[in-house]
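S.K.: I am attaching a structure below and will ask some questions about it afterwards.
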Amino acid sequence: MVVRVRFPGESLPEKSVLGTPSSADHQGRQGNASHQYPSTTDSRSSDLTTERPTLARVRNGVIDIFPGSPSQPAILRPRTGVVLRVNGKLATGPTAVTESDRVEVTFTTRDRPEDEVKRIEIRVSDDGMCAELVVSLQRFTTLRETPPGPVIDLEPETVLRPPPGLTVDELFAALRSEGVVYGVDRNALEQIVREGTRVPRIVARGTPPEHGRDGRFRPVVPVESRRTRDTGVERQDPRDRYQVVSVREGTTVGYIEPPTNGRPGRDVRGRELAPRAGRPVRVICGDGVIRNPTPDGQEELRAIRSGRPVFQRVGRNTWRVDVVPLLVQEGDVNVETGHIRFKGDVVVTGNVREGMKVVATGRVHVHGYADRAYLQADGDIRVDGGVVQSRVVAGARVWLYNDLRAVLSPLRKGVAKILEAMRVVERAASFQREDIARFGPGRLVRLLIEMKFGDVPDKARAVHGRLVEYEGELDPEIEKLRRPIEALATGLIGDRFDIKGLYKALEEAEEFLGWFDQAAAGKAVIGYAHNATVYSGGLVIVGAEGTYHARIVARDRVVVQGAVVGGSVEAVRSVTVLEAGSPALPSTVLAVGPGGTIQAGYAYENVWLSIGGVQRRVRNASKNLRVTASSFRR
């Protein structure tokens with residue numbers, strides 16, 4: 001090893017001795033053609049030859065020899081498959097070289113270009129949105145790379161490279177021959193020419209069409225703000241007031257924006273792709289709203305009376321928009337005031353007394369309590385006081401429609417069987433058609449039900465029982481079912497009973513319920529419940545005084561901020577209570593649907609828990625109880 005000695009006043013060299021490698025090209029890649037590697041020279045090499053040994057390296061298949069001392073040359077050791085010649089002479093073993101020597105390398109294995117293999121393969125996707133390209137790589141022999149050193153081994157290495165002479169223009173021509181003329185990535189082609197590709201590589205992409213936007217309803221008045229949180233078991237005062245949003249007559253409440261047509265796209269073959277046009281929004285306007293066209297193609301929804309705006313999503317891109325009036329009942333609802341049935345919101349400043357009903361298509365807010373009364377609203381119900389021996393139904397219309405989904409289909413199928421039987425009877429030779437024309441089809445329907453289709457009245461009673469529970473007028477598709485189903489359920493089928501009309505009405509009702517949104521439900525907020533029944537299509541919140549021998553049912557969640565003593569609390573998603581049961585051990589049930597969650601701050605023994613119909617009893621009193629379907633099975 002040569003140790004560099006620096007004399008006083010000597011400056012350091014401007015560049016490292018490992019400066020720039022040789023720029024010689026790798027020649028003769030095929031056959032036994034030789035590879036010549038001229039040495040790198042430097043104008044300062046004469047000053048450095050006494051300073052360090054000669055170094056060599058292999059990089060990109062090229063041997064670089066760096067300037068160094070002639071007395072300490074680099075050593076090249078050819079391995080099997082490599083033929084080394086220095087200055088024209090064959091080297092059979094390790095050979096010393098310096099920067100002034102001419103080095104040639106050949107290989108004993110010949111490169112064999114795979115001309116018989118298809119060089120370029122193009123694949124276009126079925127939808128024409130992308131094109132992939134594969135270039136068959138060929139095997140070449142070159143030198144394995146080594147770092148700079150005084151001794152290096154020359155070892156052969158087989159590499160895969162693109163075919164020689166491949167150009168970007170050739171790839172463009174190949175793509176055009178397959179019809180690929182749009183969205184070609186030139187950078188990807190250039191990289192393939194340099195490096196090749198072993199797997200299919202995307203080289204062209206189409207532009208997908210921008211589908212049209214569906215029409216939409218855009219409200220322009222603020223939604224109602226709620227100060228009460230819907231979750232948690234914190235003790236909150238449920239008597240916090242709603243902040244009611246109201247508008248004056250003539251106020252614009254929203255706009256109906258038309259659908260757009262979209263923008264066409266183009267596939268890699270240059271074909272235009274048509275976009276899907278947007279679908280119009282369906283807006284059902286109530287009596288308090290009218291439509292006015294605007295110059296920009298929209299429709300303005302304007303209030304024609306003062307009241308509370310209602311925006312309810314009732315189906316897929318379907319809205320019900322109205323401005324409902326507000327009825328304020330000062331004092332109690334009793335025999336002097338009579339029942340209240342109102343299309344809009346109802347506010348009762350007093351109590352709802354025994355035997356009275358309050359039915360609203362909007363919301364109901366009772367500042368006092370409800371005692372042996374009936375409260376029904378298509379929206380929310382709020383009772384600041386208690387609910388005693390009363391029945392409360394929030395989101396009543398949605399609750400009914402969800403129930404009807406399960407019972408309408410069996411009835412329609414039963415009616416279809418009766419119609420088919422009637423057609424068979426009418427084709428019989430002994431059938432007297434003039435009797436049907438004179439008396440109507442009702443007699444034949446009664447006869448078929450009595451002889452063969454006795455289950456159809458039972459199915460009709462299942463529908464009728466749900467319809468009679470709802471106080472008020474329903475949507476036309478459902479309302480027109482009331483009278484014919486009542487006749488079928490009670491057996492009072494007249495001679496002119498239109499069973500064909502009933503079948504058609506059942507089909508229309510099922511179609512209507514198919515797009516009706518189940519999630520568009522109200523919630524119930526009450527102070528406490530004693531021996532009462534509370535239903536909600538969404539959420540139920542009970543205040544700190546809790547429930548006593550009551551039944552609370554929600555299609556979403558129930559939160560009780562107090563104790564649940566006796567009765568049952570049922571929900572689909574979750575039940576959260578502060579305390580369940582009591583030391584007196586009354587029968588108390590907490591139930592959720594499959595996948596639901598039950599939480600209780602404290603649960604006494606003998607409280608029954610039910611998840612998805614599977615029941616289990618709490619054997620020992622527990623704090624911070626949390627039960628899920630997975631923990632329930634353990």
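S.K.: Can you spot a residue in the stretch 174-195 that is among the small types (G, A, S), open to solvent by less than 20 Å² (accessible area, probe 1.4 Å) and assigned to a loop (DSSP other than H, G, I, E, B)?
M.R.: For the stretch 174-195, residues among the small types (G, A, S), open to solvent by less than 20 Å² (accessible area, probe 1.4 Å) and assigned to a loop (DSSP other than H, G, I, E, B): absent.
S.K.: Pairs please, first residue from the stretch 106-128 and within 18 Å of T197 (Cα to Cα), second anywhere and at pLDDT 90 or above and outside any strand (DSSP E or B), Cβ atoms under 6 Å, 6+ apart in sequence or on different chains.
M.R.: Taking only residues 6 or more apart or on different chains, the pairs are I120/A174; I122/E178.
S.K.: Are there any pairs with C-beta distances below 7 angstrom linking a residue in the stretch 143-172 that is farther than 21 Å from T95 by Cα to a residue that is part of a loop (DSSP other than H, G, I, E, B), with the two at least 6 apart or on different chains, and if so which?
M.R.: L160/L137; L160/G196; R161/L137; R161/G196; P162/L137; P162/G196; P163/P113; P163/R119
S.K.: Among the strands (runs of 3 or more DSSP E) confined wholly to the stretch 250-347, which include 3 or more residues that are within 30 Å of the chain's Cα centre (by Cα), modelled with pLDDT of 95 or more and surrounded by fewer than 17 Cβ atoms within 10 Å (Cβ to Cβ)?
M.R.: none
S.K.: Please find, within the stretch 523-560, the residue that is most open to solvent (accessible area, probe 1.4 Å) out of those that are assigned to a strand (DSSP E or B) and among the polar types (S, T, N, Q).
M.R.: Across the stretch 523-560, the extreme among qualifying residues is T533.
S.K.: Continuing with the same structure: I need the full set of residues from the stretch 495-511 which are surrounded by fewer than 14 Cβ atoms within 10 Å (Cβ to Cβ) and within 12 Å of I418 (Cβ to Cβ), in order please.
M.R.: Selection gives K500 alone.
S.K.: Examine the stretch 183-196 for a residue that is touching a strand residue (DSSP E or B) at 6+ places or on another chain (Cβ under 6 Å) and over 22 Å from D267 (Cα atoms), and state whether such a residue exists.
M.R.: Checked against the condition, which is being touching a strand residue (DSSP E or B) at 6+ places or on another chain (Cβ under 6 Å) and over 22 Å from D267 (Cα atoms), the stretch 183-196 yields at least one hit.
S.K.: Could you please find all residues in the stretch 151-169 being open to solvent by 60 Å² or more (accessible area, probe 1.4 Å), of a type outside the set (V, I, T), modelled with pLDDT under 90 and not in a strand (DSSP E or B)?
M.R.: P164, G165
S.K.: Would you be able to tell me the number of residues in the stretch 490-539 that are in contact (Cβ under 8 Å) with a residue 40 or more places away in the chain and either under 18 Å from R382 (Cα atoms) or polar (S, T, N, Q) (or both)?
M.R.: 21
S.K.: Looking at the stretch 364-479, what strands (runs of 3 or more DSSP E) fall wholly within it and have at least 1 residues that are of a type in the set (D, E, K, R), closer than 24 Å to E354 by Cβ and more than 40 Å from the chain's Cα centre (by Cα)?
M.R.: none
One line per residue, one yes/no per condition, for (1) at pLDDT below 95; (2) farther than 12 Å from T547 by Cβ; (3) among the β-branched types (V, I, T); (4) crowded, with 16+ Cβ neighbours inside 10 Å:
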position: V572; (1), (2), (3), (4): yes, yes, yes, yes
position: V575; (1), (2), (3), (4): no, no, yes, yes
position: L590; (1), (2), (3), (4): no, no, no, yes
position: Y604; (1), (2), (3), (4): yes, yes, no, yes
position: G612; (1), (2), (3), (4): yes, yes, no, no
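S.K.: Here is a follow-up. Might you check whether a residue that is touching a Gly at 6+ places or on another chain (Cβ under 8 Å), at pLDDT below 90 and at negative phi occurs anywhere in the stretch 176-197?
M.R.: Within the stretch 176-197, not a single residue is touching a Gly at 6+ places or on another chain (Cβ under 8 Å), at pLDDT below 90 and at negative phi.
The values are calculated or read from the model by the stated rules, or taken from the named source; none is laboratory data. The structure displayed is predicted, hence computed values, not measured ones. Note: ideal-geometry Cβ built from the backbone for every residue, glycine included; neighbour counts use all protein chains shown. Ligands, DNA and RNA are excluded from the accessible area calculation, which covers all protein heavy atoms including side chains. Shrake-Rupley method; radii C 1.70, N 1.55, O 1.52, S 1.80 Å.
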